[in-house]
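See structure below.
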Amino acid sequence: MQTKIVSLLPSATEIVCALGLENSLVGRSHECDYPEWVKRLPVCSEANFPDGMSSLAIDVKVKEILADALSVYTVKKEQVKLLAPDFMITQAQCEVCAVSLTEVEQALENYLDKEAHIISLQPNSLNDIFNDMKTIATALNVTGAGDALLEELNERVDIIRHKLKFSESKPTVACIEWLEPMMVSGNWIPGLVSIAGGVSVLAEEGKHSPYINWDDIRLNDPDILLVMPCGFSIERTLKEIDLLLQLPGFTELKAVKNNRVYIADGNQYFNRPGPRIVDSIEILAEIIHPKQFIFGYEGDGWIKFAL
């Protein structure tokens with residue numbers, strides 16, 4: 001009898017598919033959209049705020065929900081019961097990013113007619129992401145496929161490391177994870193920037209993304225400004241880019257003067273701790289060292305923003 005999996009995390013859905021277990025997926029989160037065909041699967045979660053809100057409105061709403069000790073996302077219990085999964089994959093990394101472990105545990109408590117195993121992920125670095133892949137592969141009894149996947153991903157990372165081994169140029173990079181209020185990307189992003197030959201400013205690897213003041217950016221005056229809001233496509237980010245352009249002293253930044261302002265697809269790449277996190281490193285390499293790397297992501301994964 002085939003194992004049935006419900007993934008409540010876009011990155012986990014991608015991991016399951018990369019392990020060759022796509023036929024075992026029976027349900028997904030409302031945000032799972034890659035590979036394209038997973039959109040046909042039943043949706044097992046929903047957000048407790050409407051689509052189309054501004055960055056500031058989303059921030060305010062999420063803080064209100066969490067202040068009331070409520071969940072930002074809800075598990076659709078009836079749908080999960082109907083699917084009767086053997087495994088449910090969720091995360092304990094960020095209450096704002098996806099359905100939390102607590103929410104899943106509460107949804108399953110005395111609800112299913114059989115025991116469902118919960119796999120909870122909590123990545124804070126690239127190594128954690130790779131270990132989560134191994135965890136999923138082990139839990140789902142496909143360790144061979146897990147080893148093969150990790151070998152391929154590590155080979156791609158090593159190619160970048162090797163090519164930059166003797167490079168002395170290490171531009172400073174400010175990765176904007178949220179526009180209003182402003183945040184820079186923490187967790188695994190500073191490590192990815194380092195692999196791609198840059199130096200991340202204002203955030204530390206393995207630590208949550210911090211809120212910052214615009215003056216912090218001006219003071220650091222990074223060589224490269226990369227805008228990649230969490231959960232936003234390039235098109236979605238462009239709708240709010242004026243929030244950045246109108247800030248005092250923006251045109252005086254070194255990155256702006258040197259035409260090194262970029263927008264990347266945070267939703268599909270950087271914010272998803274799955275197999276495409278290596279795509280994200282390749283995107284960073286293209287941006288930081290354009291003379292050394294051309295992987296072909298420009299126009300889809302990232303664009304140069306011309307003022």
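The values are calculated or read from the model by the stated rules, or taken from the named source; none is laboratory data. On a predicted model such as this, the values are computed, not experimentally measured, just so you know. Counting neighbours? That spans all protein chains shown, and the Cβs are built from the backbone with ideal geometry, glycine included. Just so you know, the surface numbers come from the protein's heavy atoms only, side chains and all, with ligands and any DNA or RNA stripped out. Shrake-Rupley method; radii C 1.70, N 1.55, O 1.52, S 1.80 Å.
Quick notes on this one:
- Isotropic mean projected area of the C-alpha convex hull, the chain (nm²): 15.8 nm²
- Hydrodynamic radius of segment 153-307 per Kirkwood, over alpha carbon pairs, in Å: 15.3 Å
- Net charge in the neighbourhood of L164 (other residues with Cβ under 15 Å of its Cβ; Lys, Arg +1, Asp, Glu -1) is +2.
- What the Cα atoms of segment 221-307 give is an Rg and a Dmax of 12.8, 38 Å.
- Put simply, the C-alpha atoms of segment 263-303 give a gyration tensor, and the ellipsoid matching it has half-axes of 17, 11, 7 Å, longest first.
- Solvent accessible area, Å² - Y34, 1.4 Å probe, full protein context: 100 Å²
- Charge tally in the Cβ shell below 12 Å around V193, where Lys, Arg are +1 and Asp, Glu are -1, V193 excluded: -2
- The chain - percent of accessible surface contributed by carbon and sulfur, probe 1.4 Å: 49 percent
- 3J(HN,Hα) along segment 82-88, derived from phi through the Karplus expression 6.51 cos²θ - 1.76 cosθ + 1.60 where θ = phi - 60°, amounts to 5, 7, 6, x, 8, 9, 10 Hz, with x in place of Gly and Pro.
- Annotation: amide H-H contacts under 5 Å for Q91 (H modelled 1.01 Å from N, sequence separation of 5 or more, or interchain): L101, L121.
- Label-point separation, V60 to R161 (7 Å along Cα→Cβ), nm: 4.6 nm
- Amide H partners (placed H, <5 Å) of G274, local residues excluded: none
- ³J(HN,Hα), Karplus 6.51/-1.76/1.60, whole Hz, each residue of segment 36-45, x for Gly, Pro: 3, 5, 5, 4, 7, 6, x, 8, 10, 8
- Here the scattering of segment 158-206 is modelled by Debye summation over its C-alpha atoms, one equal scatterer each and no solvent; at q = 0.23, 0.30 Å⁻¹ the log10 of I(q)/I(0) is -0.80, -1.08.
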